[in-house]
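Asks: First the structure, which I've put down as structure tokens, then a few questions once you've had a look.
The values are calculated or read from the model by the stated rules, or taken from the named source; none is laboratory data. Worth saying up front: this structure is predicted, and the values here are computed from it rather than measured. Cβ placement follows ideal geometry from the backbone for every residue including glycine, while neighbour counts extend to all protein chains displayed. The protein model used for the area step is the full one, side chains on, heavy atoms only, and it has no ligands, DNA or RNA in it. Shrake-Rupley method; radii C 1.70, N 1.55, O 1.52, S 1.80 Å.
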Amino acid sequence: MLARLSPGEANASGLAQPFQKSLSLPAVTKHVKVLERAGLITRSKDAQWPPCKLRRAGLRNAADWVEQYRVFWEESLDRSDAYFMETTAKTTTEGLIVAIRQFPSMLRVGISRGEISTRESIPVGRVAAAGKNPRMRRAA
């Protein structure tokens, strides 16, 4: 609705036009009243269908408020991202060291491609039941 008011004034029925399929005129009127109470628009009192107009100062205040929280959330998310990356890298490195220590004979280092891979795959579920797998008992 605020975008509809950016070119100029419009009354509630003019604002409701693009929303005819999804909103009733009374619902649009309620939205207009909320925008007016928030200080984002003004309505003149001199007509039966008072035209609505954007209140630029109200929009500036709202933009400033949103900007403060944008900075806060970006900083918070950046810290969360850094923590996640640090924790993931540490966990991955520790897991790799444990795997190398537990199964040294099953690892092959591909120096040319900088990768570490197993000579033979470890079946899922066998790691937990290493005592039941004779091949893993030998490697340990």
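Asks: Condition first: under 31 Å from the mean Cα position of the chain (by Cα) and open to solvent by 70 Å² or more (accessible area, probe 1.4 Å). Now tell me which residues in the stretch 1-19 satisfy that.
Replies: ALA3, ARG4, PRO18 - these are the residues of the stretch 1-19 that are under 31 Å from the mean Cα position of the chain (by Cα) and open to solvent by 70 Å² or more (accessible area, probe 1.4 Å).
Asks: Then there's this: Looking only at the stretch 62-78, decide whether some residue is in contact (Cβ under 8 Å) with a residue 24 or more places away in the chain, of a type in the set (A, V, I, L, M, F, W, C) and touching a helix residue (DSSP H, G or I) at 6+ places or on another chain (Cβ under 8 Å).
Replies: no
Asks: Can you name the residue in the stretch 17-30 that is without any contact (Cβ under 8 Å) to a residue 24 or more places away in the chain and in a helix (DSSP H, G or I) and is also nearest to ALA3 (Cα to Cα) among such residues? Outline the logic, then answer.
Replies: Going through the stretch 17-30, the residues without any contact (Cβ under 8 Å) to a residue 24 or more places away in the chain turn out to be 17-27, 29-30.
Checking the rest, the ones that are also in a helix (DSSP H, G or I) come to 17-19, 25-27, 29-30.
Values: GLN17: 13, PRO18: 11, PHE19: 13, LEU25: 18, PRO26: 20, ALA27: 18, THR29: 16, LYS30: 17 Å.
Here the residue is PRO18.
Asks: Okay, next question. Could you count how many residues in the stretch 31-63 are of a type outside the set (Val, Ile, Thr), in a helix (DSSP H, G or I) and surrounded by 12 or more Cβ atoms within 10 Å (Cβ to Cβ)? Lay out the reasoning, then the answer.
Replies: Let us first name the residues in the stretch 31-63 that are of a type outside the set (Val, Ile, Thr), namely 31, 33, 35-40, 43-63.
When the remaining residues are screened for being in a helix (DSSP H, G or I), the result is 31, 33, 35-37, 56-63.
If we keep only those that are surrounded by 12 or more Cβ atoms within 10 Å (Cβ to Cβ) as well, we get 31, 33, 35-36, 58-59, 61-62.
The total comes to 8.
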